[in-house]
Amino acid sequence: MKNKNALTAYVLIGIGLYFLLRQLKLPIFTDFYSWPTILIIIGLALLIYSFQTKDYNSLFSGTLVFGLGIHFHGIRHYSFWIDHWAMYPLIVGIAFLVRYVKTKQGLLPGLILLLISCIFIFSINIPSWFNWIHDVVNFIDVYWPIVLVIIGIYLLKKK
């Protein structure tokens, strides 16, 4: 029988340890006294819950939240950390691949997102025939809320 409160318990233990270490002011953990650490804790709780209960539905969200927490922590504390928009598709691609390992779903989107991320992160000079991608990204950056509206209307009309 699965413990229905296990996820809540993992989150509470993680957040309790976070605040306890913060109160004790241990010097080794001073870099982790920030809001990205909360994301890391929640992501780890989701991952631990998924593996503990063998309910792998939370693997994607756990990896996504954990990855975002690591990324925001890295941007804030490490000068060598890559601060590029392509890190977000990379994190989502990794989340798809982690889910694929256990559920066999999401391999193709994960690989596509990883490929796109690697192309844009590691290419300093993009060929001139790739300039249209910047226009597409700028367009998406402005008009992405329209996609949410369309999805919402679709969900209302769907029977």
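A few notes on this one:
- Test result for PHE66, within 19 Å of SER117 (Cα to Cα), loosely packed, with under 12 Cβ neighbours inside 10 Å, out of contact with any Cys (no Cβ under 9 Å at 6 or more places or on another chain) and among the hydrophobic types (A, V, I, L, M, F, W, C): no
- Scanning the stretch 1-43 for residues that are of a type in the set (Lys, Arg), more than 20 Å from LEU59 (Cβ to Cβ) and exposed (fewer than 12 other Cβ atoms within 10 Å of the Cβ) turns up just one, LYS25.
- Elements of type helices (runs of 4 or more DSSP H) in the stretch 1-78, at least 1 residues being more than 18 Å from the chain's Cα centre (by Cα) and closer than 17 Å to VAL98 by Cα: 35-53
- The residue list TRP144, TRP85 contains one member that is in a helix (DSSP H, G or I), surrounded by fewer than 16 Cβ atoms within 10 Å (Cβ to Cβ), modelled with pLDDT under 90 and not basic (Lys, Arg), which is TRP144.
- With respect to (1) at pLDDT 90 or above; (2) in contact with a His (Cβ under 7 Å, 6 or more places away or on another chain), the lone exception for ASP31 is condition (1).
- Listed by first and then second residue, the pairs linking a residue in the stretch 54-71 that is over 10 Å from ALA95 (Cα atoms) and at pLDDT below 90 to a residue that is surrounded by fewer than 21 Cβ atoms within 10 Å (Cβ to Cβ) and not aromatic (Phe, Trp, Tyr), with Cβ atoms under 6 Å apart and 6 or more places separating them unless they lie on different chains, are TYR56/LYS102; TYR56/THR103.
The values are calculated or read from the model by the stated rules, or taken from the named source; none is laboratory data. Since the model is a prediction, treat every value here as computed from it, not as a measurement. With ideal geometry, Cβ positions are generated from the backbone for all residues, glycine too; neighbour counts draw on all protein chains shown.
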